[in-house]
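K.L.:
My structure is below; once you've seen it, I'll send some questions.
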């Protein structure tokens, strides 16, 4: 009995020793594994206060950063581009427009240098026709009948080639190179280049027109010479239909003459277009500025107009 009572306290202490760790583990695990299925919330530190944002002003700068307005009468001086003597006027704009037209014309005309290849071939063919006609004339009948046709055709072709291709035909390439190499830095240089370009383009147009008229005259003269040579060598008798073959050459020469007469050259067309533009822009470049002068010592004065070209 006594031993049983002594064991009771020992049994109670053993149960308390076993229940202490289990209670502690249950208290911690209860927080981690809540039987209700809800995740426990943890206490968080209060967030630090962010700096206050500046008031919205629509992208405008604050009053402290806005520069002061310029004073009354303030004027910004914009420098002129290099090569300009002073403020550009309407006349300067017209000079630039006319120079652009001349530049385009001389760029195209300068690429059309003289080509003597066709002229040499024409000279050789014409000389060969004269030689063949002379041979036919020496042989006698029946070749002497067509000998004048060869001789007249070849002679006209040789004469036309020498006069038209070797003497009168203008060469625009040297003039175009000289014009394109001229300076145009200031107003005086631009005016000098403008005057030179106008004179040379007009001269090329005149030379091309003279060449066209002379070439037309040679074609007409060649056609007439062929017809005259044929009737001069033709025997008397009725006109036969096969004889129309001999008039094919003169007919072609007349057609070429008419086409050439009404076909302006490239230089003529460009000069006509430039002259039309110049007249539409007011003609010659003249600026009239009134001038006044007063003589305070001897009295009197003067007034007039100063022209600027």
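K.L.:
Return the pair list, or none, for Cβ contacts closer than 7 Å from residues in segment 113-131 that are under 11 Å from residue 166 (Cα atoms) to residues that are in a helix (DSSP H, G or I), at least 6 apart or on different chains.
P.N.:
Listed by first residue and then by second, the contacts come to 119/161; 119/165; 119/166; 123/158; 123/161.
K.L.:
Which one of 163, 135, 175, 156 is under 24 Å from the mean Cα position of the chain (by Cα) and either within 20 Å of residue 247 (Cα to Cα) or assigned to a helix (DSSP H, G or I) (or both)?
P.N.:
Going through 163, 135, 175, 156 in turn, the sole match is 175.
K.L.:
Within segment 178-199, which residues are outside any helix (DSSP H, G or I) and free of Cβ contacts under 8 Å to residues at least 60 places away in the same chain?
P.N.:
Answer for segment 178-199, where residues must be outside any helix (DSSP H, G or I) and free of Cβ contacts under 8 Å to residues at least 60 places away in the same chain: 181, 182, 183.
K.L.:
Return the only residue of 152, 135, 164 being touching a helix residue (DSSP H, G or I) at 6+ places or on another chain (Cβ under 9 Å) and without any contact (Cβ under 8 Å) to a residue 40 or more places away in the chain.
P.N.:
Every option except 135 fails the conditions.
K.L.:
Something else now. For residue 214, are the conditions met, namely being assigned to a helix (DSSP H, G or I) and surrounded by fewer than 13 Cβ atoms within 10 Å (Cβ to Cβ)?
P.N.:
no
K.L.:
Mind checking whether some residue in segment 287-294 is in contact with a helix residue (DSSP H, G or I) (Cβ under 9 Å, 6 or more places away or on another chain), closer than 30 Å to residue 200 by Cβ and either modelled with pLDDT of 90 or more or surrounded by 11 or more Cβ atoms within 10 Å (Cβ to Cβ) (or both)?
P.N.:
Yes, some residue in segment 287-294 is in contact with a helix residue (DSSP H, G or I) (Cβ under 9 Å, 6 or more places away or on another chain), closer than 30 Å to residue 200 by Cβ and either modelled with pLDDT of 90 or more or surrounded by 11 or more Cβ atoms within 10 Å (Cβ to Cβ) (or both).
K.L.:
Something else about it: For segment 232-250, does any single residue satisfy the condition of being within 30 Å of residue 176 (Cα to Cα), modelled with pLDDT of 75 or more, outside any loop (DSSP other than H, G, I, E, B) and touching a helix residue (DSSP H, G or I) at 6+ places or on another chain (Cβ under 9 Å)?
P.N.:
Looking for residues that are within 30 Å of residue 176 (Cα to Cα), modelled with pLDDT of 75 or more, outside any loop (DSSP other than H, G, I, E, B) and touching a helix residue (DSSP H, G or I) at 6+ places or on another chain (Cβ under 9 Å), one finds none in segment 232-250, hence no.
K.L.:
Here's something else I'd like to know. Need the failing condition index for residue 221 against (1) surrounded by fewer than 19 Cβ atoms within 10 Å (Cβ to Cβ); (2) within 20 Å of residue 106 (Cβ to Cβ), just the number.
P.N.:
Looking at each condition in turn, residue 221 falls short on (2).
K.L.:
Within the set of pairs 6 or more residues apart or between chains, which connect a residue that is farther than 30 Å from residue 222 by Cα inside segment 252-277 to a residue that is at pLDDT below 90 and surrounded by 15 or more Cβ atoms within 10 Å (Cβ to Cβ) with Cβ atoms less than 6 Å apart?
P.N.:
That search, which allows pairs on different chains as well, returns nothing.
K.L.:
Follow-up question, since we're still on this one. Quick one: which residue in 227, 220 is at pLDDT below 90, touching a helix residue (DSSP H, G or I) at 6+ places or on another chain (Cβ under 6 Å) and outside any loop (DSSP other than H, G, I, E, B)?
P.N.:
After applying the criteria, what remains is 227.
K.L.:
Taking residue 140 as meeting all but one of (1) free of Cβ contacts under 8 Å to residues at least 12 places away in the same chain; (2) within 30 Å of residue 183 (Cβ to Cβ), write down the number of the exception.
P.N.:
Only one criterion is unmet by residue 140, namely (2).
The values are calculated or read from the model by the stated rules, or taken from the named source; none is laboratory data. What you are looking at is a predicted structure, and each value in this text was computed from that prediction instead of being measured. When we count neighbours, we look across all protein chains shown, and the Cβ atoms used for this are built from the backbone with ideal geometry, even at glycine.
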